[in-house]
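Notes follow the structure.
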Amino acid sequence: MNLRFVALVSLFLTFAFTGQTVGQGTPKPASGNPTPQRSMREIVMMPVVLRVPGMEKVKVKADLKYTSVNNANLLMDVYSPPSLEKGERRPAVIFVHGGAGAENTPKDWGIYTSWGRLIAASDLIGVTFTHRLSAEKTSLEDAASDLAAAINYVRTNADSLNIDKDRICLAAYSAGGALLAPALRDKPEYIRCLVGFYAFMDVRQSGNLFTINESKESLQKFSPIMYLAGDSDKIAPIFIARAGRDQVPTMNDSIDRFSREALSKNISLSIINHSSGVHGFDNQNDDKRSREIIQNAIAFMRLHLE
């Protein structure tokens, strides 16, 4: 397996439009026929496997320029509940994608557009945005800057976006887990909870991924596990969804070590495991367990935001 393909799998479909194919990752059907192969584009465009009433009626403010960085792809979409009244404020969930690079505009992928609609139909505000995290270059600082700009945009424009600026959840996926580190370090009061779906919680040991381009100092700075020791009582509640059959090297090891450390510090942590789930199970494993985990994540968000 070459390094480029390892980076692809490990950062949740980093090279999403290269035309390579991978297996869906779900078990073989009873007939014994092999699982159909899907292209990277087909996989990222798949929606989450849970639907709720009202998703098709959600209102969307698309392609908002949230940062002054000169990159035409750094845009944001805001998904609002269909029942939202004028002047009403709702808590927001900001989705942080994995290391795809801004050129692939992950906010437009089916997995994130469906998550945005799902959250809005669950009476919260969904925020998706594209940032610059990439496997092929030094990008952790750039991506963290993009996330900070996105949060600032949401809070500064809270009135026009119908968002309660003091009730925000960050939900990170795959390599995006590294971008939870600043929230764990700084502990802003407006971040009410953190969610990680198959997310790196320690990038110091991420195989040949971040470690190729990033400095040791940067890897330490953007490893969430590094910020569990100080003022642990001020850390926002954390929800982690783990894929039992995650194909990404060291992914589950980082999650397991983070969980042990968090529990040893008596941090509010909820962890749920999909024993047969693959990396990206929320849109790849169309089964009862995936839907249960997604429902639990939304319930967790609503509990800590409302």
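The values are calculated or read from the model by the stated rules, or taken from the named source; none is laboratory data. What you see is a predicted model, and the numbers here were worked out from it, not measured in a lab. All Cβ positions, glycine included, derive from the backbone under ideal geometry; neighbour counts span all protein chains shown. Protein only, heavy atoms only, side chains kept; ligands, DNA and RNA dropped before computing areas. Shrake-Rupley method; radii C 1.70, N 1.55, O 1.52, S 1.80 Å.
So here's what we get for this one:
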item: Residue in the range 121-133 that is closer than 14 Å to Leu179 by Cβ and open to solvent by 10 Å² or more (accessible area, probe 1.4 Å) present; result: yes
item: Leu194 being outside any strand (DSSP E or B) and closer than 22 Å to Ile267 by Cβ; result: no
item: Filter pass, Ala158 being closer than 20 Å to Lys65 by Cβ, at pLDDT 95 or above, surrounded by fewer than 24 Cβ atoms within 10 Å (Cβ to Cβ) and touching a helix residue (DSSP H, G or I) at 6+ places or on another chain (Cβ under 7 Å); result: no
item: Residue match in the range 268-289 (condition: basic (Lys, Arg), in contact (Cβ under 8 Å) with a residue 24 or more places away in the chain and open to solvent by 20 Å² or more (accessible area, probe 1.4 Å)); result: no
item: Which numbered condition Ser174 fails, given (1) surrounded by fewer than 24 Cβ atoms within 10 Å (Cβ to Cβ); (2) within 13 Å of the chain's Cα centre (by Cα); (3) among the polar types (S, T, N, Q); result: (1)
item: Verdict on Arg257 being part of a helix (DSSP H, G or I) and out of contact with any Asp or Glu (no Cβ under 8 Å at 6 or more places or on another chain); result: no
item: Hits in the range 57-72 - residues which are more than 22 Å from Ala299 (Cβ to Cβ) and either open to solvent by 50 Å² or more (accessible area, probe 1.4 Å) or of a type in the set (Gly, Ala, Ser) (or both); result: Lys59, Val60, Lys61, Ala62, Asp63, Lys65, Ser68, Asn70, Ala72
item: Restricting the range 219-248 to residues that are of a type in the set (Ser, Thr, Tyr) and at pLDDT 95 or above, the residue that is nearest to Ser134 (Cα to Cα); result: Ser223
item: Contacts under 7 angstrom Cβ, first residue in the range 96-112 being assigned to a loop (DSSP other than H, G, I, E, B), partner surrounded by 21 or more Cβ atoms within 10 Å (Cβ to Cβ) and among the aromatic types (Phe, Trp, Tyr), 6 or more apart; result: His97/Tyr112; His97/Tyr173; Gly98/Phe12; Gly98/Tyr173
item: Matching residues, the range 229-248, being closer than 22 Å to Ser206 by Cβ and open to solvent by less than 60 Å² (accessible area, probe 1.4 Å); result: Ile238, Phe239, Ile240, Ala241, Arg242, Ala243, Gly244, Asp246, Val248
